[in-house]
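The structure appears right after this line, and notes come after that.
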Amino acid sequence: MGKRSVYDAEPIPESARAVIDEMMETGDLFRYTASLNDPSPVTLLEKEFAAFMGVKYALAVNSCSSAIYLSLKAVGVMPGDQVLIPAWTFAAVPSAVVHAGALPILVEVGANLRIDMDDFESKLTDSTKAVIISHMRGHTSDMDAIKTLCDFYDVPLIEDAAHSLGTLWNGQKVGTMGTVGCFSFQSYKMVNGGEGGILLTNDPDVYAKSVIMSGAYEHNWAKHMTDDVPFEKYQNMFPLFNLRMSNLSAAVIHPQIAEVDGRVAKGLKNYEYVEAKLNNSPFIEVPKADAREVRAPDSLQFNLIGFDDAEAFDVMEISRQRGNMISIFGMQGDNARVFWNWKFIGNVPELPMTRAMLKRACDIRLPIGLSVEELDQTVDFILTCVADAKNTSDVKLCG
Ligand SMILES: *Cc1c(COP(=O)(O)O)cnc(C)c1O
């Protein structure tokens, strides 16, 4: 195998091969072909993932975006309803809200990459029908305060933990604190299924509705092998959106669950190593972990300190020219995590705090497979790009 690049995804464990070979012969790729007492690879994945996360029910689907959309429908969000979302998240989140016909209300995110609780509190009202929190790249917002407020208003809390599998808050896994938690198995996340997502809940009604809407037509829900879920109550009462996962994806994902803890530990070790070195620079600040949080990082975010727009732009431009772009969310024309690029939501609000953060927050991948030598190279690369951008600010490469 050649040298790994920062754009590589995690390799697939060898043990996936036997299951996949068998499927090649039987052609048994559809999750509901299996007989009632013989769990399909998708059902097996759901059972094991739920057990791993310590949650009652899991529903595997074709993406985290689908999981978020189903969550909104299953908690009863109706067209025209208000849904609170962070102003810093992946475009999939406002997209799911729009897909459900609802109205995304954007909440400010501060320079510490967490939701601003004053703005959250002022926007959470009796009109709010759901809250989506994105644990963006492992940066966890104040889940204690958010949960308390959601409980007070009796609003369902949906956790978008797409890119935060393994992150802990007060020792509890993120994605297991709200009404529903959603994860992604897209290739750049902690578990690589190419595409895929999973929804977790302890609520039997939310689970029944999600399973049916995901495409468990007729009595296929029986193949989820759960006994206390009121599927019959919702049969034919909800549309079928057909967002199912195929057995092939499940076979690729399943053997990776056992690797998650190791990947998380390695990712955190790499992150803390790089973080300590970067924080020696006067130009860089890596947002500190909250005392209640243990992250599961496979990328690194840091803020540029004392840079104007042109200097910040030069960090991006210099690093791009040198072959490993340090992207700055709000300086990259089409970044999907930048709220003013979400033209599809209609009127994009003015959010000065989030805007200021996005203009200085840098983002670089830190794959867990990097060696110490590669980590050192990454640190040197970041430090020289940032210092050179600051020092050539008179030249103004591209400002
Ligand atoms: C990747 C990601 C998603 C979307 O996941 P898909 O499986 O690609 O649909 C949603 N939210 C966040 C924060 C993500 O990082």
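The values are calculated or read from the model by the stated rules, or taken from the named source; none is laboratory data. These numbers come from a predicted model, not from an experiment. Reconstructed Cβ throughout: ideal geometry from the backbone, glycine too, with neighbour counts over all protein chains shown.
For G181, are the conditions met, namely being under 21 Å from the mean Cα position of the chain (by Cα), within 16 Å of the ligand (Cβ to nearest atom), assigned to a strand (DSSP E or B) and surrounded by 19 or more Cβ atoms within 10 Å (Cβ to Cβ)?
yes
Condition first: of a type outside the set (V, I, T) and touching a Lys or Arg at 6+ places or on another chain (Cβ under 8 Å). Now tell me which residues in the stretch 130-142 satisfy that.
Within the stretch 130-142, M136, G138, H139, S141, D142 meet the criteria.
How about the stretch 127-155: which of its residues are among the basic types (K, R) and away from the ligand (no atom under 16 Å from the Cβ)?
Across the stretch 127-155, the qualifying residues are K129, K147.
For the stretch 165-174, check the following and say yes or no: at least one residue is within 16 Å of V83 (Cβ to Cβ) and β-branched (V, I, T).
So far as the stretch 165-174 goes, no, none of its residues is within 16 Å of V83 (Cβ to Cβ) and β-branched (V, I, T).
For the stretch 71-88, which residues satisfy the criterion of being aliphatic (A, V, I, L, M) and either surrounded by fewer than 22 Cβ atoms within 10 Å (Cβ to Cβ) or under 22 Å from R337 (Cβ atoms) (or both)?
Matches in the stretch 71-88: L72, M78, V83, L84, I85, A87.
Taking the criterion of being assigned to a helix (DSSP H, G or I) and free of Cβ contacts under 8 Å to residues at least 12 places away in the same chain, would at least one residue in the stretch 331-342 satisfy it?
no
Could you check the stretch 185-208 and list, in sequence order, the residues that are under 23 Å from K223 (Cα atoms), within 16 Å of the ligand (Cβ to nearest atom) and crowded, with 20+ Cβ neighbours inside 10 Å?
F185, G193, G196, G197, I198, L199, L200
Would you confirm, using the coordinates I've provided, whether L72 is in contact (Cβ under 8 Å) with a residue 40 or more places away in the chain, within 16 Å of the ligand (Cβ to nearest atom) and outside any helix (DSSP H, G or I)?
So L72 does not fit the description; no.
Is it fair to say A51 is more than 16 Å from the ligand (Cβ to nearest atom), of a type in the set (A, V, I, L, M), without any contact (Cβ under 8 Å) to a residue 60 or more places away in the chain and in a helix (DSSP H, G or I)?
When the stated conditions are applied, A51 passes them.
Okay, residues lined up against (1) within 30 Å of D144 (Cβ to Cβ); (2) part of a helix (DSSP H, G or I); (3) of a type in the set (A, V, I, L, M, F, W, C):
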site	(1), (2), (3)
L268	yes, yes, yes
A276	yes, yes, yes
P282	no, no, no
P297	yes, no, no
N303	yes, no, no
E311	no, yes, no
M325	no, no, yes
M353	yes, yes, yes
K359	yes, yes, no
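Looking for whichever is touching a Cys at 6+ places or on another chain (Cβ under 7 Å) and not polar (S, T, N, Q) here; the options are F283, F313, F231, F241. Which one fits?
Exactly one of F283, F313, F231, F241 is touching a Cys at 6+ places or on another chain (Cβ under 7 Å) and not polar (S, T, N, Q), namely F313.
Mind checking which residues of the stretch 223-252 are crowded, with 16+ Cβ neighbours inside 10 Å and either in contact with a strand residue (DSSP E or B) (Cβ under 8 Å, 6 or more places away or on another chain) or of a type outside the set (A, V, I, L, M, F, W, C) (or both)?
K223, H224, T226, V229, Y234, L243, R244, M245, S246, N247, S249, A250
Every residue, every condition in (1) part of a helix (DSSP H, G or I); (2) touching a residue at least 40 places away in the same chain (Cβ under 8 Å), yes or no:
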{"residue": "E14", "(1), (2)": "no, no"}
{"residue": "A34", "(1), (2)": "no, yes"}
{"residue": "L44", "(1), (2)": "yes, yes"}
{"residue": "L59", "(1), (2)": "no, yes"}
{"residue": "I68", "(1), (2)": "yes, yes"}
{"residue": "G80", "(1), (2)": "no, no"}
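Pull up the stretch 156-176, narrow it to residues that are on the phi < 0 side of the Ramachandran plot, part of a loop (DSSP other than H, G, I, E, B) and within 16 Å of the ligand (Cβ to nearest atom), then point me to the one that is surrounded by the most Cβ atoms within 10 Å (Cβ to Cβ).
Filtering first and then ranking leaves A161.
For the stretch 138-155, enumerate the residues that are part of a loop (DSSP other than H, G, I, E, B), surrounded by 22 or more Cβ atoms within 10 Å (Cβ to Cβ) and not β-branched (V, I, T).
G138, S141
Could you check the stretch 343-373 and list, in sequence order, the residues that are closer than 20 Å to D298 by Cα and free of Cβ contacts under 8 Å to residues at least 24 places away in the same chain?
Within the stretch 343-373, S371, E373 meet the criteria.
From the list A91, A67, which one is near the ligand (Cβ under 9 Å from one of its atoms), over 17 Å from I253 (Cα atoms) and either among the aliphatic types (A, V, I, L, M) or surrounded by 23 or more Cβ atoms within 10 Å (Cβ to Cβ) (or both)?
A91
Against the conditions (1) touching a Phe, Trp or Tyr at 6+ places or on another chain (Cβ under 9 Å); (2) at pLDDT below 95, where does A18 fall short? Just the number, please.
Here A18 clears every test but (1).
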